[in-house]
1. Keeping to region D:172-181, report how many residues are surrounded by fewer than 15 Cβ atoms within 10 Å (Cβ to Cβ) and either under 21 Å from A:G183 (Cβ atoms) or β-branched (V, I, T) (or both).
2. Tell me which residues, restricted to region D:138-154, are closer than 21 Å to C:T165 by Cβ and at the interface with another protein chain (Cβ under 7 Å from one of its Cβ atoms).
3. Filter region B:180-194 down to the residues that are in contact (Cβ under 8 Å) with a residue 24 or more places away in the chain and more than 17 Å from B:G115 (Cβ to Cβ), then identify the one that is farthest from the other protein chains (Cβ to nearest Cβ).
4. Please find, among B:I44, B:I54, the residue that is buried (at least 24 other Cβ atoms within 10 Å of the Cβ), within 16 Å of B:P7 (Cα to Cα) and within 14 Å of chain A (Cβ to nearest Cβ).
5. Just give me the residues in region B:62-79 being touching a helix residue (DSSP H, G or I) at 6+ places or on another chain (Cβ under 7 Å) and over 10 Å from B:Q96 (Cα atoms), in sequence order.
6. Inside region A:155-179, can you point out the residues that are at the interface with chain B (Cβ under 10 Å from one of its Cβ atoms), closer than 30 Å to B:Q157 by Cβ and assigned to a strand (DSSP E or B)?
7. For D:I164, indicate whether it is exposed (fewer than 15 other Cβ atoms within 10 Å of the Cβ) and closer than 23 Å to B:T168 by Cα.
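Read-outs throughout are calculated quantities, based only on the coordinates presented, and are distinct from any laboratory measurement. Keep in mind that this is a model prediction, so the values were computed, not measured. Note that each Cβ is placed from the backbone with ideal geometry, even for glycine, and that neighbours are counted across all protein chains shown.
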There are 4 protein chains.
Amino acid sequence: MSEPFRPSFGIPDEQFIRGKVPMTKEEIRVITLSKLQLQEDSVILDVGAGTGSISIECALIARRGKVYAIEVVDEGIELIKKNMEKFCVDNIIPIQGMAPKAFEGIRNVDRMIIGGSRGNIAEILQWAEENLNDNGVIVANFITIENLYVFIEALKQKKYKYEITQVTLAKSKVINDITMMQGLNPVFIVKASV
Amino acid sequence: MSEPFRPSFGIPDEQFIRGKVPMTKEEIRVITLSKLQLQEDSVILDVGAGTGSISIECALIARRGKVYAIEVVDEGIELIKKNMEKFCVDNIIPIQGMAPKAFEGIRNVDRMIIGGSRGNIAEILQWAEENLNDNGVIVANFITIENLYVFIEALKQKKYKYEITQVTLAKSKVINDITMMQGLNPVFIVKASV
Amino acid sequence: MSEPFRPSFGIPDEQFIRGKVPMTKEEIRVITLSKLQLQEDSVILDVGAGTGSISIECALIARRGKVYAIEVVDEGIELIKKNMEKFCVDNIIPIQGMAPKAFEGIRNVDRMIIGGSRGNIAEILQWAEENLNDNGVIVANFITIENLYVFIEALKQKKYKYEITQVTLAKSKVINDITMMQGLNPVFIVKASV
Amino acid sequence: MSEPFRPSFGIPDEQFIRGKVPMTKEEIRVITLSKLQLQEDSVILDVGAGTGSISIECALIARRGKVYAIEVVDEGIELIKKNMEKFCVDNIIPIQGMAPKAFEGIRNVDRMIIGGSRGNIAEILQWAEENLNDNGVIVANFITIENLYVFIEALKQKKYKYEITQVTLAKSKVINDITMMQGLNPVFIVKASV
């Protein structure tokens, strides 16, 4: 039986098994991944992993490292497991729970992804301060003004350096050979490092 | 002597050796790369390679493949060679010349990148029709309305499927702990396949 | 009986009587209006008037001038008339028909708005060449790459000067005191003058 | 002597007398104006008036009303006066000083524009609560995340309704008949009302 085609990175959205769980769009995902500055042996903590789409890409790039995929919703955990199977990935450890409680026992993290914080950003950053390795990198995605602000204020207090990239996408819809551009919701991608 | 840090992919702009040759911004570069759907053994043709930033990333991902980097400007060819050395990459073949003449002898290409076409889009696509492998993918970047249009019209004539993603970025500039967002020029990224 | 509140300009979208006819968003409408450089006595030709939202605003500003509102769809013509009544405007002349045939008898136009051209851009510009007054201004809105291109190519041939403003909007949606930004479709606004 | 051409509204940027004082771009200005929902007799308070470009447009629309133009910088006050003269406007009252101290004696304001707050947003909103007329409208422009956030948090506390429109513009630059799009800095426009 032939395996489905799989690129070295940049898995299109439609190849992931999705439910009703919201999924980061592929362009946002690859910018997030590139900001993470992954290495083959990186240990990664994906907070609010959703369908696992970012975790899967991380696990494929950090093939000798591992990914802790934190997700609170049942359906999310199921989808992460299904996507691990589909993409033949075994270096993801799905953990159901709320951040930062669900981080218990996790140590020596090189990279953190924050895709959904549910209001406990300050505690998550406190945990990062104690547990993120030197030269660690945190990349977070935001679609709301308030969560973006709270995050960058917390970064300032902890003396992190940060850069924000706001990404606004429009995608073509071709009807009768005429190409209309359709706008997507803008996303703020924050990269932070010590 | 310690090597400089190098991520598995997503090399930041400032790590490339640049001259006055314009360089694709890193966010545009990684979206372009992801649309290419590269594999480890892909053979890639980078038309208008500039500083070689996209060729370098391609060569690192397609580690068992190779990249033909076509560039007409002297300084560009020099920069490509310098960046190959800096990033320890030897599967790029820099070729000085204009497309499609400079393609002579190149066969069995899996992926094409068009970053600068200087008006001969139709001939380049004609060449692609004869030389691009089945399941081939072309990704092109445009910053002008006219070149974008000419390309998608040529795609329609050749019965290619295509999708356009317009990417508009704003980047933070932090002064006295206040974060201003600065706009960049929007880029149209076209992915085409048969 | 009290009249409904009406601003001097900048009528919000929800105040217009709309059907299923697509309507230009208010921010696009006011930028279009400002590019028109209207005066109190301007004679305006609104091609593809839709619900009449732009015609109404023009008629209120050019209070001593008049607006020819060309629309091909029955429902559009009805909506234009209803909105004229609602906003107490009597200096709009609704004309049902296709451009440029529907322009018959119209002369001495100072301003043209092109909101929907259905492919006969070249003929419309030919008509403009013969009938638009000195110092005339044309403002056109596009959401497709092809129509935008065809328009600016026609402008180049007729030796018009032009500027394009691409407007990308995101609007807040507030849920539980959290402000999410939602993207709209980008619009190209072209201003042309001799 | 012939007067320079002046549109009924939508004065192009280049027509204003400018110094080194930053000026709101014309597209942002007209959206701001339209959100204000001005009437002919509106009393308007323009906080951080800069060159006076928004005050001038307001004064022309609210021809039977008046505009208090608050500006702290000497050069700004000079420019406001020069632009009043240029555009033959006499219903602007330029006031040099910091908000809200400079508001002393001002009453019965229908509309407020906040273009530059220098950190005392809370006090300005407190003043508005006491002095803005029923059905009053406040429109504020922001280019930084922090000032935007502080403003909407203050609005929430005062039980204002608000909507945010983020406007991202790209403008054409035509070289040799080729049209490149150049990005501008995005602006957040907030409209608030009780």
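1. Residues that pass the stated criteria total 2.
2. D:I143
3. Checking each candidate, the answer is B:V194.
4. After applying the criteria, what remains is B:I54.
5. Keep residues of region B:62-79 that are touching a helix residue (DSSP H, G or I) at 6+ places or on another chain (Cβ under 7 Å), which gives B:67, B:69-71.
Matches in region B:62-79: B:V67 only.
6. Residues satisfying the conditions are A:L169, A:A170, A:K171, A:S172, A:K173, A:V174, A:T179.
7. Working: exposed (fewer than 15 other Cβ atoms within 10 Å of the Cβ): no; closer than 23 Å to B:T168 by Cα: yes.
So D:I164 fails the test.
Residues checked against (1) crowded, with 20+ Cβ neighbours inside 10 Å; (2) of a type in the set (G, A, S):
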| site | (1), (2) |
| --- | --- |
| B:A102 | no, yes |
| B:N141 | yes, no |
| B:L148 | yes, no |
| B:E153 | no, no |
| B:A170 | yes, yes |
